[in-house]
Structures are given as C-alpha cells and as structure tokens.
1. Return the residues of the range 1-49 that are more than 26 Å from G87 (Cα to Cα), touching a residue at least 40 places away in the same chain (Cβ under 8 Å) and either of a type outside the set (K, R) or not assigned by TED's automatic domain parsing to the domain that holds H70 (or both); say none if nothing qualifies.
2. Specify which of the listed residues (S85, S97) is under 20 Å from L6 (Cα atoms) and either crowded, with 16+ Cβ neighbours inside 10 Å or small (G, A, S) (or both).
3. Does K52 qualify as being assigned to a helix (DSSP H, G or I) and either touching a helix residue (DSSP H, G or I) at 6+ places or on another chain (Cβ under 7 Å) or more than 30 Å from A36 (Cβ to Cβ) (or both)?
4. Of all residues in the range 51-80, how many are of a type in the set (A, V, I, L, M) and closer than 21 Å to I116 by Cβ?
5. I need a count of the residues in the range 122-153 that are of a type in the set (G, A, S), part of a strand (DSSP E or B) and under 27 Å from I74 (Cα atoms).
6. Among the numbered criteria (1) crowded, with 17+ Cβ neighbours inside 10 Å; (2) more than 18 Å from the chain's Cα centre (by Cα); (3) free of Cβ contacts under 8 Å to residues at least 60 places away in the same chain, which one does V90 miss?
7. Considering each of E119, E64 in turn, give the residue that is without any contact (Cβ under 8 Å) to a residue 60 or more places away in the chain, in a helix (DSSP H, G or I), acidic (D, E) and within 15 Å of L6 (Cβ to Cβ).
Amino acid sequence: MSSHYLTKEGLENLKKELETLKKETMPQIIERISRAKELGDLSENAEYQDAKDEQAFIAGRIAEIDEMIHKAEIIKKSSDTETVSLGDTVKVVCDGSEHQYTIVGSNEANPTQGLISNESPLGQAFLGSKVGDKVKVAIPRGEMACEIIAIVS
C-alpha cells in the first residue's frame, strides 16, 4: 500500500473537491441523464451518451480522490534545516537563475506555482542535499547544474 504524500492544505482541498463532486456535480449529471432518457431512442441520443461518459469520468475521479484521502500521509514540516526533505522549501540557483521550490507529493505538484514533486528529477536531486551542495539534474536537453542556497522548513 503506497502512501500519497499531501500537505494539510492539499488534503483539505481534496476533501472539498470530493464533497463538490458528490453533492453538486454527480446530481447534476444524473439529472442530465434523466432528461436525456425522456428524449427517446438512447442508441442515437448524443446528450445521453455524453452525460453517461461524464458520469463515468466523475465516478472515476471520486474513487481516485477517496483512495488518495484514505492513503494520505500528511507531510510534516521538519525543523531540520540541514538537509532538504519532503515539505521543505528550497532556494536554488540553477544555470545562473534563482528559483524557490517547495517539495511536495506528486498529487500536489504544480511547477508553475513552485510546487515540485518529490518524484520529479528536480525533487529527487534536491532531497537529502545541504546548503552549498551542487547537484546535477537530468533535463530533456541534457543536464542542469543547481546549487542549494537556502532551506526553509
């Protein structure tokens, strides 16, 4: 049984999404299916098929979120600022430009917001590193050199 690493905020967001899907989205889809059935021949009813497809997608998302919540392991902020660990925010200089990243579980990763997965090449390269360490990160065009300049727990 593998864990899903989540921040406290990430877990709360998943719970809110699950509630919205169950209490708002799914009832709306069921209503669409009901209205589409009233139109007659279901074999040629595009609205019915579209609503059924959406129902299956939402049911899958509900099951996925349920599993993530049940297997969630909350990322605890470490007081250790010696080495980079899951949940830490790191300031780095990569190929001459400064960046700040927070290392989160793969379910919360959003690189455009500075949230990188612990499973990503960047996340893996940074984990276990110390301030001053230089790490090489595999990227599509080769390698990128990064230096850890600060760890914020």
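1. Within the range 1-49, L21 is the sole residue that qualifies.
2. Numbers: S97 fails: under 20 Å from L6 (Cα atoms).
Exactly one residue qualifies, and that residue is S85.
3. Numbers: assigned to a helix (DSSP H, G or I): yes; either touching a helix residue (DSSP H, G or I) at 6+ places or on another chain (Cβ under 7 Å) or more than 30 Å from A36 (Cβ to Cβ) (or both): yes.
So K52 passes the test.
4. In the first step, residues of the range 51-80 are kept if they are of a type in the set (A, V, I, L, M); the result is 51, 56, 58-59, 62-63, 65, 68-69, 72, 74-75.
Right, trim to closer than 21 Å to I116 by Cβ and you get 68, 72, 74-75.
Within the range 51-80, residues that are of a type in the set (A, V, I, L, M) and closer than 21 Å to I116 by Cβ number 4.
5. As a first pass, look at the range 122-153 and keep what is of a type in the set (G, A, S): 123, 125, 128-129, 132, 138, 142, 145, 150, 153.
When the remaining residues are screened for being part of a strand (DSSP E or B), the result is 138, 142, 145, 150.
Now restrict to residues that are under 27 Å from I74 (Cα atoms): 150.
The qualifying residues number 1.
6. Condition (3) is where V90 drops out.
7. Details: E119 fails: in a helix (DSSP H, G or I).
Result of the check over E119, E64: E64.
Matching residues to (1) touching an Asp or Glu at 6+ places or on another chain (Cβ under 8 Å); (2) within 30 Å of M144 (Cβ to Cβ):
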{"site": "S2", "(1), (2)": "no, yes"}
{"site": "L6", "(1), (2)": "yes, yes"}
{"site": "E12", "(1), (2)": "no, no"}
{"site": "E17", "(1), (2)": "no, no"}
{"site": "L39", "(1), (2)": "yes, no"}
{"site": "E44", "(1), (2)": "no, no"}
{"site": "I58", "(1), (2)": "no, no"}
{"site": "I62", "(1), (2)": "no, no"}
{"site": "I74", "(1), (2)": "no, no"}
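The values are calculated or read from the model by the stated rules, or taken from the named source; none is laboratory data. In this text the structure is predicted, and so the values were computed from the model without any measurement. Backbone-built Cβ (ideal geometry, glycine too); neighbour counts: all protein chains shown.
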